[in-house]
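The values are calculated or read from the model by the stated rules, or taken from the named source; none is laboratory data. On a predicted model such as this, the values are computed, not experimentally measured, just so you know. Here the Cβ is made from the backbone with ideal geometry for all residues, glycine too, and neighbour counts use every protein chain on show. Heads up: the accessible areas ignore ligands, DNA and RNA and are worked out on the full protein's heavy atoms, side chains in. Shrake-Rupley method; radii C 1.70, N 1.55, O 1.52, S 1.80 Å.
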Amino acid sequence: MTEPSPQQPRRSPPRDSHTPAPPGVDTPTPLDVDSTSTVPLGGTAQLLTRVTAQLGTQLSLVSRNGTRRPMPRTRQPAPPRPPAAPPALVVVGHGSRDPQALRTVLALLDRVRDLRPGLDVRLGHIELNRPLLPDTLDGLRGADAVLVPLLLGRGHHVKHDLPAAAAAAPGVRTRIAAPLGPHPLLVEALYGRLVEAGWDPADRGSHAAAVVLAAAGSRDPDSAQDTRRTARMLAERLGGVPVVPAYASAAGPTVPAALRALAARGRHRTFVASYFTAPGRFASAAAEAAPGAAAAPLGAHPAMARLLLHRYDRALSATAPADADVDAVSLLASA
């Protein structure tokens, strides 16, 4: 036999597992491994976990028949919708041949726009002036609109003309607001015009002072009732001074007759309050009949602009349907 070289380690002969080791020789356990063959068990476990997860993901995309399932798509959230524009405010004036009337109404609409920036404010006339209401509604096809009468009480125009115009414009979804009067804001405008004409608050309780509330007049009893109610409210605002309603047409008494009746009762300091929304033939006739000062028409008084928006807002908040009869809608906005 050839002797082993000194450089080669001597190997022990194989032993049976039951053969005891010679004295002085350690028996290696199954966990004993050479340091040069150490395996990173933690890294291997992480790798196996990732492989298992990826394999599970891939298998989930395969159906039972072996075809590939479509990848799920992540839905992008829909962009927020811009807020809907509010309905247009269509101020419905009567119309007048007096050129000052249209200028006054346009100034009033400018005040409304200043109070409510961004609101679509338009004008339509029943007669005599452009734009006429049907033309204004025709320009609002497919939109919503609230018709606010620039009228001071219930009458033929409010009860019949406005609903007829709305019905003839099926391309516009409309609501009809109540007329402007009676209302405390309207009384404030009347009071302000009287003060501008020279009314002295010291006349409160005076036995010589009185006011004639000059209105256009109507054959509709509801219109006369609304005017009488406004007269009572104005009398309270003036501290109990008598306020007598009078009319330029269709009803009595006339303005001259009311002034004569007050003079007969010793009321010689009399004023004429102009219960008209704008200058015109009736307003001029009432002012000419006044023995003293006559107030200007309500016009573009700031309280009038606030009242138009109030009627607009009340009509929007009313629960009546858009095509309801104007009598029902007017009751909702009469306060």
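Taking the options Gly124, Gly153, name whichever one is in contact with a helix residue (DSSP H, G or I) (Cβ under 8 Å, 6 or more places away or on another chain) and part of a loop (DSSP other than H, G, I, E, B).
Gly153
All but one of (1) over 30 Å from Asp98 (Cα atoms); (2) free of Cβ contacts under 8 Å to residues at least 24 places away in the same chain; (3) of a type in the set (Lys, Arg) hold for Arg204, so report the exception by its number.
(2)
Every residue, every condition in (1) under 29 Å from Arg122 (Cα atoms); (2) part of a helix (DSSP H, G or I), yes or no:
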| site | (1), (2) |
| --- | --- |
| Ala210 | no, no |
| Ala214 | yes, no |
| Asp226 | yes, yes |
| Val241 | no, no |
| Val244 | no, no |
| Ala251 | no, no |
| Leu262 | no, yes |
| Pro297 | yes, no |
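Ala257 versus (1) farther than 20 Å from Asp203 by Cα; (2) buried (at least 17 other Cβ atoms within 10 Å of the Cβ); (3) over 39 Å from the mean Cα position of the chain (by Cα): which is the lone unmet condition?
Unmet condition: (2).
Within the group Leu186, Leu234, which residue is under 21 Å from Ser284 (Cα atoms) and in contact (Cβ under 8 Å) with a residue 12 or more places away in the chain? Outline the logic, then answer.
Values: Leu234 fails: under 21 Å from Ser284 (Cα atoms).
Only one candidate passes the filter, namely Leu186.
Quickly run through the stretch 206-226 and pick out the residues that are closer than 21 Å to Thr270 by Cβ, surrounded by fewer than 16 Cβ atoms within 10 Å (Cβ to Cβ) and either at pLDDT 90 or above or touching a helix residue (DSSP H, G or I) at 6+ places or on another chain (Cβ under 6 Å) (or both).
Answer for the stretch 206-226, where residues must be closer than 21 Å to Thr270 by Cβ, surrounded by fewer than 16 Cβ atoms within 10 Å (Cβ to Cβ) and either at pLDDT 90 or above or touching a helix residue (DSSP H, G or I) at 6+ places or on another chain (Cβ under 6 Å) (or both): just Ala208.
Output the residue which, of all residues in the stretch 156-170 that are in contact with a helix residue (DSSP H, G or I) (Cβ under 8 Å, 6 or more places away or on another chain) and either more than 23 Å from Thr104 (Cβ to Cβ) or among the small types (Gly, Ala, Ser) (or both), is most open to solvent (accessible area, probe 1.4 Å).
Restricting to residues being in contact with a helix residue (DSSP H, G or I) (Cβ under 8 Å, 6 or more places away or on another chain) and either more than 23 Å from Thr104 (Cβ to Cβ) or among the small types (Gly, Ala, Ser) (or both), the top hit is Ala168.
Report whether or not Ala263 is among the aliphatic types (A, V, I, L, M) and open to solvent by less than 10 Å² (accessible area, probe 1.4 Å). Let's see the steps before the verdict.
Numbers: among the aliphatic types (A, V, I, L, M): yes; open to solvent by less than 10 Å² (accessible area, probe 1.4 Å): no.
Taking the combined requirement at face value, the residue does not satisfy it.
Scan the stretch 103-118 for residues that are touching a residue at least 40 places away in the same chain (Cβ under 8 Å) and not acidic (Asp, Glu) and jot them down.
Result: Thr104, Val105, Ala107, Leu108, Arg111, Val112, Leu115, Arg116.
Look at Pro184 and say whether it is in contact with a helix residue (DSSP H, G or I) (Cβ under 6 Å, 6 or more places away or on another chain) and at pLDDT 95 or above.
Working: in contact with a helix residue (DSSP H, G or I) (Cβ under 6 Å, 6 or more places away or on another chain): no; at pLDDT 95 or above: yes.
So Pro184 fails the test.
Only one of Asp327, Asp313 is at pLDDT below 95, surrounded by fewer than 20 Cβ atoms within 10 Å (Cβ to Cβ) and not hydroxyl-bearing (Ser, Thr, Tyr); which?
Among Asp327, Asp313, only Asp327 is at pLDDT below 95, surrounded by fewer than 20 Cβ atoms within 10 Å (Cβ to Cβ) and not hydroxyl-bearing (Ser, Thr, Tyr).
Consider Leu234 against the criteria (1) aliphatic (A, V, I, L, M); (2) closer than 30 Å to Ser317 by Cα; (3) surrounded by fewer than 15 Cβ atoms within 10 Å (Cβ to Cβ): it satisfies all of them except one. Which criterion is unmet?
It fails just one condition, (3).
Does Ala165 satisfy the criteria of being assigned to a helix (DSSP H, G or I) and of a type in the set (A, V, I, L, M, F, W, C)? It would help to see each step written out before you state the result.
Working: assigned to a helix (DSSP H, G or I): yes; of a type in the set (A, V, I, L, M, F, W, C): yes.
Against the criterion (assigned to a helix (DSSP H, G or I) and of a type in the set (A, V, I, L, M, F, W, C)), Ala165 qualifies.
Taking Thr277 and the conditions (1) outside any helix (DSSP H, G or I); (2) out of contact with any Pro (no Cβ under 7 Å at 6 or more places or on another chain), which numbered condition does it fall short on, given that it satisfies the others?
(2)
If Arg141 satisfies all but one of (1) surrounded by fewer than 20 Cβ atoms within 10 Å (Cβ to Cβ); (2) at pLDDT 95 or above; (3) out of contact with any strand residue (DSSP E or B) (no Cβ under 8 Å at 6 or more places or on another chain), what's the number of the condition it fails?
So Arg141 meets the others, but not (2).
Within the stretch 105-121, track down each residue that is in a helix (DSSP H, G or I) and open to solvent by 30 Å² or more (accessible area, probe 1.4 Å).
Leu106, Ala107, Asp110, Arg111, Arg113, Asp114, Leu115
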